[in-house]
Amino acid sequence: MNGEQTIGQSIASAFDFFGSVIFTWVPNVISSVFETVNSSARTTTSVPGPFTQPISASDFPGFLKDVAAPGVYDSLAQGWYVFVLLSLTLSLPFIAVAVYCSLRVFLLRQHERRMFHAAGRPVATRDVPKTQLRWSHVLEQARGSAEHGWRLAILEADIMLNELLDVQGYKGETMGDKMKHVDRANFNTIDAAWEAHKVRNAIAHEGAAHVLNQREVRRVISLYEKVFREFGYIT
């Protein structure tokens, strides 16, 4: 509530300032200019007062004649230059503020358009694919120091390979059956898939009896990675 009152007071002060400039300062400057013209002409009859005093049609030719006098014209021109200079000096801060506000509004509109387009896209297109998240988890386990994690990494990578075979349309009760139906012309990394799957079978059947080391784990994971990258399964 206090913030709204402060904004309202600021707006009212701005309107008061502009009103003073337009309705008080500008007329006073014009009056001063023409008072200077009148005093330089040293006449009280032919040159009318400031613009606040009307000039009749019959007095207008005399007004032009008096203003065209060298001393009067020079004073008028000098006063006009001063008026223009003061006007520009006072206008520059407002021009700068107007340009700044225009730029801020332009940038705000651009941000709103980006947010609008982003809101129109499905959430799935902005999320990391689940397959990539699973593969990142496999790599994290394979790079660890726990042998249990190594085994889980190879088992999870083999599950992903099985899903890839399903996506490619290979049929069979087991992964071996599916890979037997693979056309090598369309599956360049089939040998890597077989080699990695054999290690997985050894881990699954022998359990802890099958000894693993970190170098072997990384080699097997790299075999799975070759297969996945061939089909764009991971990035």
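Values quoted throughout were computed directly from the atomic coordinates according to the rules given, and no laboratory measurement underlies them. Since we're looking at a predicted model, the values are computed, not measured. With ideal geometry, Cβ positions are generated from the backbone for all residues, glycine too; neighbour counts draw on all protein chains shown.
Derived scalar couplings between HN and Hα for the stretch 177-189 equal 4, 5, 6, 5, 8, 6, 8, 4, 5, 9, 9, 5, 9 Hz in order, rounded to whole Hz, by the Karplus curve 6.51 cos²θ - 1.76 cosθ + 1.60 (θ = phi - 60°), x for Gly and Pro. By the count of neighbouring beta-carbon atoms within 10 Å, fewest first, V227, V97 end up ordered V97, V227. Subtracting the Cα-Cα distance of N186 and E163 from 0.36 nm times their residue separation leaves 6.6 nm of extension gain. Listed values for the stretch 223-235 are Karplus-derived 3J(HN,Hα) couplings in whole Hz (6.51 cos²θ - 1.76 cosθ + 1.60, θ = phi - 60°), namely 5, 4, 4, 4, 5, 5, 6, 4, 9, x, 6, 10, 10, and x replaces Gly and Pro.
Once the C-beta distance of L108 and L86 is scaled by a Förster radius of 30 Å, the resulting FRET efficiency is 0.30 to the nearest 0.05.
Here the stretch 196-221 is scanned for amide nitrogen atoms under 16 Å from the site 7 Å beyond the Cα of T174 along Cα-to-Cβ, giving 196-207. Among W194, W150, the ranking by other beta carbons within 10 Å of each residue's beta carbon, starting with the fewest, stands as W194, W150. Only one residue of G207, S145, G172 has its Cα farthest out toward the positive end of the dipole of the stretch 130-230, where Lys and Arg carry +1 and Asp and Glu -1 on Cβ, and that residue is S145. Please compute one quarter of the surface area of the Cα convex hull for the stretch 112-235 and express it in square nanometres. Average of the hull's projected areas for the stretch 112-235 equals 9.8 nm².
Site pair K130 and V99 shows an inter-label distance of 5.5 nm when each label is modelled 7 Å from Cα along Cα→Cβ.
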